[in-house]
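Structure record follows, encoded as structure tokens.
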């Protein structure tokens with residue numbers, strides 16, 4: 001389906017975001033459950049998800065608060081987990097930087113791993129999309145995801161039941177992220193970027209506040225950029 | 001028990017901080033041109049950051065106390081392979097989940 005209007009971009013965004021419903025529902029419910037277990041009220045759990053919308057950072061903050069870490073450490077650690085969002089913001093800028101400020105602000109609030117990845121994948125696939133179409137696609141992609149993040153945080157907190165370990169919900173996110181990334185290995189540069197990032201992150205697991213991920217990501221990006229330059233040179237193109 | 005004041009400081013602080021991180025470039029740079037070397041690096045953000053995020057969880061999952069788990073390792077491999085071959089996100093997620101639950105059941 002080729003995007004021809006803002007509306008068709010929005011609809012395509014919804015279609016491409018829809019698979020993540022499968023993962024967002026259990027993940028949001030799990031946050032709600034754990035939050036009430038930690039002593040948060042339903043309203044507090046829901047506020048957390050609405051204000052922050054960042055799964056991994058919320059889990060981190062919740063865990064550290066339970067361990068009675070100092071507030072500043074809780075904030076610093078959870079924000080470090082979210083530091084990749086700044087990289088996503090930089091990466092989105094060439095595509096949507098020309099949109100009206102309120103749209104950029106709304107898109108910033110709605111930037112999560114899923115919306116970022118599918119949006120940039122789509123923008124690269126159809127570089128001729130207009131800025132309104134790009135924004136339409138982005139807002140479409142979050143339409144099936146973000147409301148469910150709120151609703152199932154609420155339901156999880158409201159029901160407050162135990163999740164059996166056998167459900168292996170810890171692995172919902174790794175599986176989703178791998179599934180999101182797999183279609184993006186279009187060139188050797190993409191593959192090298194991922195491999196280098198993985199190797200560095202495995203060596204950097206002891207780096208505090210999850211900063212190892214950021215370091216690994218940056219080194220992976222440099223590796224990808226270098227390979228791209230090398231491929232271009234070999235093809236006789238511009239450096 | 002989490003102190004209520006701490007909780008709200010964390011919710012609001014994390015909300016504001018996260019918004020800042022998400023808005024810092026789209027908001028402040030806007031449509032000013034970015035240098036080519038920077039754009040070249042940014043093209044690899046997703047393929048570098050997400051694998052770096054999941055790799056330790058795949059190899060040393062918290063659920064098994066950090067021990068390598070054949071079921072999770074196989075599930076990750078199947079998800080990635082199906083995703084690369086079919087480019088179908090939902091197919092990859094479902095194959096990975098089926099592998100995970102199948103092996104967890106078989107291996108007890």
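Please treat every number below as a calculation from the coordinates, not as lab data. Fair warning: this is a prediction, and the values are worked out from it, not measured in the lab. Cβ: placed from backbone, ideal geometry, glycine included. Neighbour counts: every protein chain shown.
For region B:46-106, treating each Cα as an identical point scatterer without solvent, what Debye log10 I(q)/I(0) comes out at q = 0.19, 0.21, 0.25 1/Å?
-0.71, -0.85, -1.08
Kindly provide log₁₀ I(q)/I(0) values, in the same order as q = 0.08, 0.09, 0.10, 0.20 Å⁻¹, from the Debye equation applied to equal alpha-carbon scatterers of region A:91-239.
Taken in order of the listed q values, log10 I(q)/I(0) reads -0.32, -0.41, -0.50, -1.35.
Is there a simple number for the mean count of other chain Cβ atoms within 10 Å of the Cβ of residues in A:134-142, and what is it?
Mean shielding by partner chains, rounded to a whole number: 0.
Using a 7 Å offset from the Cα along the Cα-to-Cβ direction at both residue A:124 and residue A:71, what is the distance between the two label points in nm, to one decimal?
My value for the distance between the label points is 4.2 nm.
Compute the long axis of helix B:4-28 from its Cα atoms, compare it with the longest principal axis of the Cα atoms of chain B, and write down the angle in degrees, 0 to 90, nearest 10.
It is inclined by approximately 70 degrees.
Calculate the length of the line joining the C-alpha centroid of region A:14-42 to that of region B:1-65, in whole Å.
19
Between residue B:20 and residue B:105, what is the FRET efficiency for a Förster distance of 56 Å, r being their Cβ-Cβ separation, to the nearest 0.05?
Once rounded, the FRET efficiency stands at 0.80.
Which residue, B:51, B:35, B:70, has the most motion in a Gaussian network model of chain B that connects Cα atoms within less than 10 Å?
Maximum fluctuation in the GNM of chain B, among the listed residues, is at B:35.
Largest first and to the nearest Å, give the Cα extent of region A:1-98 along each principal axis.
Dimensions of region A:1-98 along the principal axes of its Cα atoms: 52, 27, 18 Å.
With N denoting the number of residues in region A:6-183, provide Rg(C-alpha) divided by 2.2 N^0.38 Å, to two decimal places.
1.07
To the nearest 0.05, how large is the calculated FRET efficiency for residue A:158 and residue B:84 if R₀ is 41 Å and r is the Cβ-Cβ distance?
0.55
Kindly express, to the nearest 10 degrees and within the range 0 to 90, the angle between helix A:42-52's C-alpha long axis and the longest C-alpha principal axis of chain A.
It works out to around 20 degrees.
Write down the radius of gyration of the protein assembly as shown and its Dmax, each obtained from C-alpha positions, in Å.
Over the protein assembly as shown's Cα set, Rg and Dmax evaluate to 19.6, 64 Å.
Rg and Dmax of region A:1-54, Cα atoms, in Å?
16.0, 49
How big is chain B along each principal axis, measuring the range of its Cα positions in Å and listing the largest first?
53, 48, 23
Provide a whole-number value for the mean count of partner chain Cβ atoms within 10 Å of the Cβ atoms in peptide A:111-122.
Rounded to a whole number, the mean comes out at 3.
Report, as an integer, the average count of C-beta atoms from other chains found within 10 Å of each Cβ along A:52-62.
Numbers: counts 10, 4, 5, 0, 1, 4, 4, 0, 1, 5, 3.
Taking all residues of A:52-62 together, the mean is 3.
Quick one: angle between helix B:70-86 and the longest Cα principal axis of chain B, in degrees between 0 and 90, rounded to 10, please.
Relative to chain B, helix B:70-86 is tipped by roughly 70 degrees.
Could you compute how fast region A:185-239 diffuses translationally, taking Rh as the Kirkwood radius over C-alpha pairs and applying Stokes-Einstein at 4 °C with viscosity 1.567 mPa s? Give it in µm² per second.
Answer from the Stokes-Einstein relation: 111 µm²/s.
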